[in-house]
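Have a look at the structure below before the remarks.
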There are 2 protein chains.
Amino acid sequence: MELFSDEYFMNEALKQARIAFEEGEIPVGAVIVSKNRIIARAYNQTEKLNDVTAHAEMIAITAAANYMGAKYLPDCKLYVTLEPCTMCGGALFWSQIGTVIFGASDPKRGFRQLDSSILHPKTQLQTGVLAQQSEELLNEFFKKLRK
Amino acid sequence: MELFSDEYFMNEALKQARIAFEEGEIPVGAVIVSKNRIIARAYNQTEKLNDVTAHAEMIAITAAANYMGAKYLPDCKLYVTLEPCTMCGGALFWSQIGTVIFGASDPKRGFRQLDSSILHPKTQLQTGVLAQQSEELLNEFFKKLRK
């Protein structure tokens, strides 16, 4: 079995972010990986669903739990293009997810601004994977929005 | 139009918590009120839905936004029997909800343990409404669970 890199999976998350971009949503994408396979793909849908809780990570957690038939995700990795917010950090805590890997930092709304201990103590955190690509997409979105 | 009290609405949230109790869920219930009318009722369904994000408040926010046809809920009040967790606090922030009223405090997982500024700066907070009834229901649940 071919082993995929973190960059490979983050690139898949970026593809989700680009779908969000095309649909006029703030471009954030996520995938959840179990045993080197993607078991959930999601992108931000707060506008389309008219629902502030419809962040990429929330949709991905629900989808992954559904796929696994289990509420907790200790053997899973979340790849998300932007640092999760407090809500998503709190959801990731409850999920007991094994690893969180994000791209760009969110100095304004990222969960680390509040308290870095928000994640479950067993959760590993890795940051900055393909951060530049994620930032460029976000910047392009907000530039377009301001026009 | 008869005006209902905070106790009246919290009692409606307690009814939701009792449904959760009957279904073997941690008994937390919530209602969202707009212009003195209940527009959303929800109870914790993390077990039934196999989804850590299915807290009463999250389901209520989604339902209320759907009812209002609007993502933001500045004119709404959330009544919830237990202090919201970090995830729900984060969701309430995004919703810009007008008022959050909770019953029992949650000294372990409540959002105030982390940072009381998690809610939107415009959101009013009121605590302790029918707290004893909520606590009794939770204590009964965990007592039963330990048997």
Low-density loop positions, trypsin sites (Lys or Arg not before Pro), region A:56-116 - DSSP coil, at most 13 other Cβ in 10 Å:
A:Lys108
For chain A, what is Rg from Cα atoms divided by 2.2 N^0.38 Å, rounded to two decimals?
0.96
Which entries in the list A:Lys77/A:Lys143; A:Lys108/A:Lys143; A:Lys35/B:Lys48; A:Lys35/A:Lys108; A:Lys35/B:Lys147 go over 28 Å, if you measure between the two C-alpha atoms of each?
A:Lys77/A:Lys143; A:Lys35/A:Lys108; A:Lys35/B:Lys147
Copy-to-copy spacing for B:Leu3, label 7 Å out on the Cα-to-C-beta vector, in nm, shortest first?
6.7
Across every pair of different alpha-carbon atoms, what Kirkwood hydrodynamic radius in Å does region A:87-147 reach?
12.8
How far, in nm to one decimal, is A:Ile19 from itself in the other copies if the label point is set 7 angstrom along Cα toward Cβ? Shortest first, please.
3.2
Pair A:Tyr8, A:Asn50: separation of 7 Å Cα→Cβ label points (nm):
4.2
Given Cβ point charges of +1 (Lys, Arg) and -1 (Asp, Glu) and nothing else, what value in debye, to the nearest 20, does the dipole of region B:30-147 about its Cα centre take?
160
Position B:Pro74, label points 7 Å along Cα→Cβ, spacing to each other copy in nm (shortest first, one decimal)
4.6
Report the one residue of B:Ser134, B:His55, B:Leu14 whose Cα lies farthest in the direction of the positive end of the charge dipole of chain B (charges on C-beta: Lys and Arg +1, Asp and Glu -1; origin at the Cα centre).
B:His55
What is the local net charge at B:Thr127, summed over the other residues whose Cβ is closer than 10 Å to its Cβ (Lys, Arg +1; Asp, Glu -1)?
0
Calculate the all-directions average of the projected area of the protein assembly as shown's alpha-carbon convex hull, and give it in nm².
16.0
Taking the Cα atoms only, what angle lies between the long axis of helix B:86-95 and the longest principal axis of chain B, rounded to 10 degrees?
20
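Every number in this text was worked out from the coordinates using simple rules, so none of it is lab data. Treat the numbers as computed from the prediction; the structure is a model and nothing was measured. Note: ideal-geometry Cβ built from the backbone for every residue, glycine included; neighbour counts use all protein chains shown.
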